[in-house]
Amino acid sequence: MTRVLHSAAVRGGACALEALEQGFAHFLAQWPDAIPRDARVLRLSVREGCTNAFRHGSNRAGDEGRIEMELLHDDAGESPGLRLEITDQGPGVSVDGAPPPYPDSLAGSEFMLRRVLDQRVVARVVSPWRIELRGEETPCAAASVQREDLLGQLHGGGYGILMLCRCWSRVSFTLEPGRGNVLRLAGMCANLDC
């Protein structure tokens, strides 16, 4: 069974993001089951996920659009525990220059989305509408690449999505027709101090 613990929807830019964050912080302060470390990861995840949605999730007409956020708890299934979903009205995440739906020829393929210092975010195409992300270290030492050299190779930052990949074991983007582009975070990592 899945329970909705908190949900919010906003339209607009930075002021709306601030209101969404404040509402979520108020929920966490009142939530009796909140563990301080989990609350910190959840606040960071809401901030980074919603910032990404506002930045990249506007519709093609340039409208800042509607952002929805839900904190859920799954009692059973593939991923019991907390799950955070952030939905925007954007076109989805392009992989190797292809927006969703991804061509069948990309199924199972992996592509680097972002490089951040000595780490990178890798996307694996799961279906025409879904990619899964993971963070991994790059072989910097073996390639004798210095951190300063990598600073010039950053692709639009990427710190936020890398942080999400480090704090959650399952990170995915799914373009759901009729709903929008959904960032799903599940399986909060217990052994990581984000």
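Derivation of every value follows stated rules applied to the coordinates shown; laboratory data play no part. No experiment lies behind these values; they were computed from the predicted model shown. Reconstructed Cβ throughout: ideal geometry from the backbone, glycine too, with neighbour counts over all protein chains shown.
Of the residues Arg83, Arg115, which single one is touching a Leu at 6+ places or on another chain (Cβ under 8 Å) and more than 20 Å from Arg179 (Cα to Cα)?
Values: Arg83 fails: more than 20 Å from Arg179 (Cα to Cα).
Unique residue meeting the criteria: Arg115.
Only residues that are polar (S, T, N, Q) and touching an Asp or Glu at 6+ places or on another chain (Cβ under 7 Å): list them for the stretch 105-136, please.
We begin by selecting, within the stretch 105-136, every residue polar (S, T, N, Q); these are 105, 109, 119, 127.
Once the filter is applied, which keeps residues that are polar (S, T, N, Q) and touching an Asp or Glu at 6+ places or on another chain (Cβ under 7 Å), the stretch 105-136 yields only Gln119.
Mind checking which residues of the stretch 15-36 are touching a strand residue (DSSP E or B) at 6+ places or on another chain (Cβ under 9 Å), more than 15 Å from Leu5 (Cα to Cα) and loosely packed, with under 14 Cβ neighbours inside 10 Å?
Across the stretch 15-36, the qualifying residue is only Ala19.
Could you list all residues from the stretch 28-50 that are touching a residue at least 24 places away in the same chain (Cβ under 8 Å) and not in a loop (DSSP other than H, G, I, E, B)? Walk me through how you get there before you give the answer.
Filtering the stretch 28-50 for residues touching a residue at least 24 places away in the same chain (Cβ under 8 Å) gives 31, 37-38, 40-42, 44-50.
Matches in the stretch 28-50: Arg37, Asp38, Arg40, Val41, Leu42, Leu44, Ser45, Val46, Arg47, Glu48, Gly49, Cys50.
Count, please, the residues in the stretch 15-27 that happen to be in contact (Cβ under 8 Å) with a residue 12 or more places away in the chain and within 19 Å of His56 (Cα to Cα).
Taking the stretch 15-27 as the starting set, the residues that turn out to be in contact (Cβ under 8 Å) with a residue 12 or more places away in the chain are 16-17, 20-21, 23-25, 27.
Checking which are within 19 Å of His56 (Cα to Cα) leaves us with 16-17, 20-21.
Result for the stretch 15-27: 4.
Got a sec? Which of Arg83, Arg11 is touching a residue at least 40 places away in the same chain (Cβ under 8 Å), of a type outside the set (A, V, I, L, M, F, W, C) and in contact with a His (Cβ under 9 Å, 6 or more places away or on another chain)? Lay out the reasoning, then the answer.
Details: Arg11 fails: in contact with a His (Cβ under 9 Å, 6 or more places away or on another chain).
One residue alone meets the criteria, Arg83.
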